[in-house]
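A.B. asks: For reference, the structure I am asking about is given below.
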Amino acid sequence: MEWFSIDGIPWLGVLLAFVATFALGFFWYSPQGFFRPWQRAVGFTDEQMKDARMGLAFGQMVVGNVLGLLLLAVLLVALGVDSWWGAAVTGGVLGFAFRGGAHLLHDGFAIRGPVATWIDTAHDTLALAVSGLIIGLFL
C-alpha cells in the first residue's frame, strides 16, 4: 500500500479544513440552518435534545472528522491532485458517494425519512468539498 502514506500531507490545510467543517456544521445544524427540519425528520423532541449526551456526540464527531480529513489528504496526495478546484471536486464526490451512501444505508435500516438523509448528505458533501478546496490550496 505505497499510496497510503502521510508524506506530503499539508498539515496546515488539514487543520484549517477541520476548523472550516466544524464551523459549517455549527451553522448547518443550528436553528438558523437546518436543525428544525432535521429534528422533525428524525423525530427528536426539544426535551430529548436537552437530555442528549452532547459531549459524547462532539467527541465522536471530532475523531470521525479528523480521520476523514486525514484520509482525504492522503487520497489527494496519492492521486496527484494539485489544484484547489480538483481537490474540491474530489472531496465533494467522495462526500456524496461514501458519506451520502452510508446515510442512505443506515437511515434506510433505521427507518428514517429522506429529509434527514438528504440534510446530512448535503452537509457531508459540502463539508468534504470545502475541505478538499482548503487542503488543495496547500498541495
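The values are calculated or read from the model by the stated rules, or taken from the named source; none is laboratory data. This one's a predicted model, so the numbers in the text were calculated from it and none came from an experiment. Using ideal geometry, Cβ is built from the backbone for each residue, glycine included, and neighbour counts are taken over all protein chains shown.
A.B. asks: Would you kindly identify the helices (runs of 4 or more DSSP H) lying entirely within the range 1-93 that contain at least 1 residues that are under 19 Å from the mean Cα position of the chain (by Cα) and either at pLDDT below 95 or more than 28 Å from G113 (Cβ to Cβ) (or both)?
C.D. replies: Numbers: elements: 11-28, 35-42, 46-51, 54-78.
Helices (runs of 4 or more DSSP H) meeting the threshold: 11-28, 35-42, 54-78.
Quick grid of which residues meet (1) at pLDDT below 95; (2) acidic (D, E); (3) not in a helix (DSSP H, G or I):
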residue: L104; (1), (2), (3): yes, no, no
residue: G108; (1), (2), (3): yes, no, no
residue: R112; (1), (2), (3): yes, no, yes
residue: I119; (1), (2), (3): no, no, no
residue: D124; (1), (2), (3): no, yes, no
residue: A127; (1), (2), (3): no, no, no
residue: I135; (1), (2), (3): no, no, no
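A.B. asks: Report, by residue number, each residue of the range 74-106 that is crowded, with 20+ Cβ neighbours inside 10 Å and among the charged types (D, E, K, R).
C.D. replies: Within the range 74-106, no residue meets the criteria.
A.B. asks: Contact list please: Cβ distance under 6 Å, first residue in the range 49-74 and under 16 Å from L128 (Cβ atoms), second residue aliphatic (A, V, I, L, M), pairs at least six apart or on different chains.
C.D. replies: Between residues of the range 49-74 that are under 16 Å from L128 (Cβ atoms) and residues that are aliphatic (A, V, I, L, M), the close pairs are L69/V14; L69/A17; A73/I9; A73/V14; A73/I135.
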